[in-house]
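What follows is one structure encoded as structure tokens, with my remarks underneath.
The values are calculated or read from the model by the stated rules, or taken from the named source; none is laboratory data. All of these numbers come straight from a predicted model, not from anything done at the bench. Cβ sites come from the backbone with ideal geometry, for glycine too, and all protein chains shown count toward neighbours. To get the accessible areas, we keep the full protein, side chains included, count just its heavy atoms, and leave off ligands, DNA and RNA. Shrake-Rupley method; radii C 1.70, N 1.55, O 1.52, S 1.80 Å.
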Amino acid sequence: ASAFEGGRPAAKGGGDVEFGCSAAPAQSLGATRSASSGPWQRPAVSVAAAGGCCNLSLGGSSSSSSIMCSSAGGTIPKPCSSAASGACFGDGQLEAPAAAAQEPPPKEPSSASVASPRLQLLEPGEEGRSTAWNDKVTELSLRGVRLGDLFDFVLELLDPQGPMPRFDPRRSTTRDVVRCAVIPASRGGEVFENCREVPCALATRINGGAPMKPDRMVTHHWANLFTHTVAAILADAFNQPIYGDFAEQLMSLKDAVALRQNLRETSGEDLIYWFCPFSVNQHVSICNGFAPNGPAECDTVTGEVYPLCDCGLTKHFDGDFCEMNKFSEMMAKLQEGNPELGHVIAVDVNFEIFERAWCIGEIVQGRRDGLHQVLKIASTDVLAAQRSKLESLDVRRCSASRPEDRDLILAAIPDVAAFNEELKALLLDAERGLIAAWSTSVLEGIPRYFVQWPKFSAGFHRRLTQESLSGNRAPLLLLAPIMLLPAALAVVVLMLPYQRPDAGLEANTVHVFVAFPCISLICYMFVPQWTSFALKTILPMRCTILWPLIAAALTTLPVPIISAVSGVYPVPFVPLTASVTYALCLPLLWLFIPEHVKHAIGFKEKFSWSVVVQVSLTTLFCIVYPALNTWAQTACDVWHTVGFILLFLLVRMTFEWLCGFLSRKIDPDVLPATVFVAELAYQAAMCSFFSSIENWVVFMTFVVVDVLENLYYLYCFCRRQPGVMSPTSATATASDISGGDSRGSSAFFCESVTAVLLLREFADLVVPIQFSTIFCALYYGGQSARFSLWVADMTEETLERACFLLFADVIVELCVSTLTFCVLRCHGVNPLRFLQAVIVSGGYWYYLAAATTSLLWYAALQLVHSGCDYSLQFSWTREGSSHWMSGFTWA
């Protein structure tokens with residue numbers, strides 16, 4: 001953006017001096033600031049005559065250099081010599097010696113000699129340029145500023161004792177900061193050894209006069225909030241498309257300091273930006289006046305007229321020495337030796353940047369020069385609200401601080417209509433437009449809030465879209481088997497005609513050779529379904545059918561052998577034999593996988609990570625949750641029980657974190673599936689605990705924690721983390737995010753967090769209903785109920801209490817689900833259809849197997865015949881304990 005947001009001040013008399021510093025040693029930012037010099041007092045840049053040679057003094061060091069001398073309104077680069085050196089006096093004016101005074105002052109080339117000097121922004125080139133013009137272009141191109149130094153300047157502004165005490169991060173504009181902080185900080189004025197420090201660009205002052213070639217150029221609007229502009233630059237440094245969160249962190253000094261430390265740790269502070277408030281010398285343009293024929297400009301916060309600078313330097317608004325009419329050549333110069341030059345376009349919340357003539361010119365010129373352009377926008381809501389402005393862009397309606405600037409820009413455009421079309425295409429083209437590129441970067445899931453939600457793969461997203469739009473299936477019909485089949489199988493398994501456990505192995509063949517093998521077979525069928533889903537491959541029947549049969553048989557064989565040899569029945573922890581068998585059968589599963597699948601790129605690594613998930617699930621199901629359940633039931637008081645419930649939650653959250661980590665190793669599409677299994681296991685453990693709970697404090701702890709978790713996921717959804725459009729639109733692509741197609745949705749959402757949210761809600765509703773059904777069926781179903789730890793010691797009163805607690809839990813979850821459904825509906829998401837799409841697209845048989853395995857396996861652990869005594873007493877193995885009483889109580 002043009003550094004000129006003021007206007008031509010009243011002309012000053014001749015003889016003013018301008019110094020341009022070059023070839024000076026760079027000095028560190030922190031080492032040169034002192035309490036006595038005030039904020040942002042950089043090394044002194046002064047000129048003194050010493051022994052007939054002009055020395056450039058930088059904070060105490062000196063080196064022979066060249067200076068830029070100006071006289072009678074002209075400035076030319078000129079090496080210093082004894083003949084051209086002068087003495088610097090207290091008023092800062094350079095008095096030329098007699099020899100130099102005899103030379104006629106160089107004349108500034110007239111504006112007529114340079115064709116369309118200000119509008120050469122659109123047609124860069126050095127043909128016909130004077131040496132002074134080209135030297136000024138080179139000088140400008142070397143005035144970059146490190147992001148770390150820019151950030152430190154922001155910290156000074158946020159300090160109430162800083163250079164701008166009335167700076168308001170929520171109100172102060174870039175113009176306010178330039179007028180009230182940048183110009184005073186770059187003016188200088190200190191006297192060092194009878195030499196006054198020279199006013200210069202703030203970048204020159206910060207860099208100690210050393211040249212600094214930028215990595216990026218920033219286009220922005222001076223009426224934008226200064227914190228928003230800096231936030232956009234920070235978003236570029238952190239490779240983020242949205243700068244809203246960075247802007248919020250710049251609202252307070254404490255948060256900004258934390259962000260500064262984060263920037264330092266990521267090495268982003270060393271990026272160099274060409275930022276016109278710092279890179280343009282305001283003292284040769286706007287420092288002592290306002291726009292011609294316009295009112296005095298006032299501070300946005302205080303309403304007071306900006307203070308004017310009395311530095312006395314000659315002002316240049318056109319010609320060779322102007323610093324605001326060379327952006328085209330300067331942009332081309334920046335590209336020399338840096339073909340990857342970045343162009344950051346900091347878009348204000350009102351999109352006024354696209355109404356400023358100079359900003360439009362820079363954007364178009366940057367595209368023509370092939371710069372790597374990136375938009376930085378405050379939020380997706382801002383884009384949705386302001387997109388209509390882009391569709392009606394017309395360069396003839398653009399404005400500039402000086403009317404002649406606008407007239408010159410329009411005069412340089414041969415075909416305004418064609419230019420307007422080029423501008424709209426540059427911004428709105430579906431494939432190459434800046435808005436489309438910004439939307440694509442949003443889709444990549446870069447911004448983070450509390451947790452990074454990954455973007456689903458393109459194929460999974462496409463299947464989600466197709467399933468959501470198909471409408472061929474009724475969602476409830478697909479979800480019904482997942483709700484009903486696990487409970488039915490659990491009831492059947494628990495109500496088989498078992499014999500008393502003290503009857504021994506021979507009397508309990510139903511458990512050893514029927515129940516346990518069937519449970520193992522059903523649970524083993526989950527393994528190939530998970531492998532197929534995680535690795536996105538269709539496995540043959542030898543993997544999905546034959547392997548579970550072999551694994552179940554191998555799991556069954558050790559039980560009667562161990563019991564016969566040891567003379568102990570039940571065998572302690574019978575289900576754990578399945579874990580051992582699973583580990584032994586994995587090589588067999590690997591052998592069953594087709595060779596062409598195993599040789600696919602990355603398959604072995606992903607298979608290994610999928611095994612880690614399986615081992616984690618086995619540990620969670622068989623050891624951690626049942627053990628915690630037993631310990632919670634035997635806790636000595638209420639608060640110990642509450643502590644165990646919170647430990648349940650911690651274990652589940654740890655596993656979900658592990659799922660997130662493993663999903664990045666395997667595939668982001670598996671995250672909802674793994675979280676769903678974890679939630680099923682957690683709910684099964686909690687509902688099992690309800691069979692013996694007697695205190696409302698414990699119940700409320702569980703419910704409140706569960707509700708808060710669901711609200712957190714809903715919060716993540718409402719933050720509109722980067723994702724993809726709701727698949728209610730047939731063209732749900734990146735172009736939809738930018739507002740190009742709103743036929744089916746008014747907003748976009750993150751598919752992964754939405755999938756996790758809905759799957760959690762589904763599990764939270766279904767599992768309590770399943771358990772209430774199982775409790776009632778077992779209690780009223782016959783003699784086999786006494787062999788299940790769930791209902792073995794249950795009375796009618798405790799059954800009613802357990803069912804009441806489960807019913808209350810369902811009511812609470814229904815309220816949360818209703819709120820969730822309403823919020824999703826308001827964002828254009830059909831919850832049931834999206835849930836159906838997630839389950840069908842991810843693999844319906846996987847979700848059915850997961851729901852069945854989690855409930856059936858947990859039910860199997862409750863059978864007395866399984867020997868899962870988590871109190872580790874195993875009383876039936878002791879001598880004299882041969883009569884079974886109830887549960888694991890033997891006499």
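Mind ranking VAL344, VAL382 by accessible surface for me, highest first, 1.4 Å probe?
Numbers: VAL344 0, VAL382 25 Å².
Correct descending sequence by accessible area is VAL382, VAL344.
Contour minus end-to-end for MET483 and ALA296, with contour as 0.36 nm per residue of separation and end-to-end as the Cα-Cα distance?
Details: separation 187, 0.36 × 187 = 67.32 nm, distance 7.24 nm.
Result: 60.1 nm gained on full extension.
Over the Cα atoms of the range 762-891, how large are the radius of gyration and the largest Cα-Cα distance (Dmax), in Å?
19.8, 68
Just by accessible area at a 1.4 angstrom probe, what is the order of TYR243, TYR715 from largest to smallest? Mind showing how you got there, number by number?
On the way: TYR243 0, TYR715 85 Å².
Highest to lowest solvent-accessible surface, that is TYR715, TYR243.
Ignoring ligands, DNA and RNA, what accessible area per residue does the range 182-273 give at 1.4 Å, in Å²? Display every interim value, and only then the final one.
Numbers: 3070 Å² over 92 residues.
For the range 182-273, the per-residue accessible area is 33 Å².
If amide hydrogens are placed 1.01 Å from N in the peptide plane, which non-local residues have theirs closer than 5 Å to the one on ARG356?
Placed amide hydrogens put SER399 under 5 Å from ARG356.
If the viscosity is 1.567 mPa s and the temperature 4 °C, what Stokes-Einstein diffusion coefficient in µm²/s follows for the range 495-594 when Rh is the Kirkwood radius over Cα pairs? Spell out each step's value before the answer.
On the way: Rh = 14.5 Å.
So the translational diffusion coefficient is about 89 µm²/s.
Just the Cα atoms of the range 268-420: what Rg and Dmax do they give in Å?
Gyration radius and largest Cα-Cα distance of the range 268-420: 17.3, 47 Å.
Quick one: pull the percent of accessible area on the range 563-622 belonging to carbon and sulfur, 1.4 Å probe, ligands and nucleic acids left out. Before the final figure, lay out each step's value.
Numbers: 2020 of 2810 Å².
Solvent-exposed carbon and sulfur of the range 563-622 make up 72 percent of the total.
Let me know the shape class of the range 814-888, please: from the alpha-carbon gyration tensor, a ≥ b ≥ c as square roots of the eigenvalues, rounded when a/c is under 1.5, otherwise prolate if a/b is greater than b/c, or oblate. Each step should come with its number before you reach the end.
Details: a/c = 6.05, a/b = 2.94, b/c = 2.06.
Prolate is the answer for the range 814-888, as a/c is 1.5 or above and a/b outweighs b/c.
With the Cα gyration tensor of the range 807-850 giving a ≥ b ≥ c as the square roots of its eigenvalues, does the rule (a/c under 1.5 for rounded; else a/b larger than b/c for prolate; else oblate) give rounded, prolate or oblate?
Values: a/c = 4.90, a/b = 1.29, b/c = 3.79.
It comes out oblate by the Cα gyration axes.
With +1 on each Lys and Arg Cβ and -1 on each Asp and Glu Cβ, and nothing else charged, work out how big the dipole of the range 179-302 is about its Cα centre, in Debye to the nearest 20. Don't skip to the end; give the middle numbers.
Working: 9 positive and 13 negative charges, 50 e Å.
My answer is approximately 240 debye.
Assuming 0.36 nm per residue, please report the length gained on full extension of the stretch ASP255 to LYS598 beyond their Cα-Cα distance. Before the final figure, lay out the partial values.
Details: separation 343, 0.36 × 343 = 123.48 nm, distance 4.96 nm.
That works out to 118.5 nm of additional length.
Say each of GLU265 and ARG171 gets a label point 7 Å from the Cα, pointing the same way as Cα to Cβ; how far apart are those two points in nm?
Going from the GLU265 label point to the ARG171 one covers 3.5 nm.
Tell me which residues come under 5 Å, amide H to amide H, from MET217 once H is placed; ignore anything under 5 positions away on its chain.
Here the answer is TRP274, GLY342, HIS343, VAL344, since their amide H atoms fall under 5 Å of that of MET217.
If I take R0 = 45 Å and measure r between the Cβ atoms of TRP845 and LYS424 in this structure, what FRET efficiency does the formula 1/(1 + (r/R0)^6) give, to the nearest 0.05? If you can, show how the numbers build up before the last one.
Details: r = 49 Å, r/R0 = 1.09.
E between TRP845 and LYS424, to the nearest 0.05, is 0.35.
Which one, GLY294, TYR306, PRO277, is farthest towards the positive end of the dipole of the range 260-310 when Lys and Arg carry +1 and Asp and Glu -1 on their Cβ?
With unit charges placed on the Cβ atoms, the residue in question is PRO277.
Would you mind putting 654-662, 811-819 in packing order, based on average other-beta-carbon counts within 10 Å, highest first?
Details: 654-662: 17.8, 811-819: 15.8.
Ranked from most to least packed, the peptides come out as 654-662, 811-819.
Using 0.36 nm times the number of residues separating VAL615 and ARG878, minus their current alpha carbon distance, what extension gain do you get?
On the way: separation 263, 0.36 × 263 = 94.68 nm, distance 3.23 nm.
Length gained, VAL615 through ARG878: 91.5 nm.
Sequence-distant or interchain residues sharing an amide H contact under 5 Å with MET212, placed H: which?
The answer is ARG143, GLY144.
Write out the GluC sites (Glu not before Pro) in the range 124-173 meeting two conditions: DSSP loop, and at most 10 other Cβ atoms within 10 Å of their Cβ.
Loop-located and lightly packed - GLU127.
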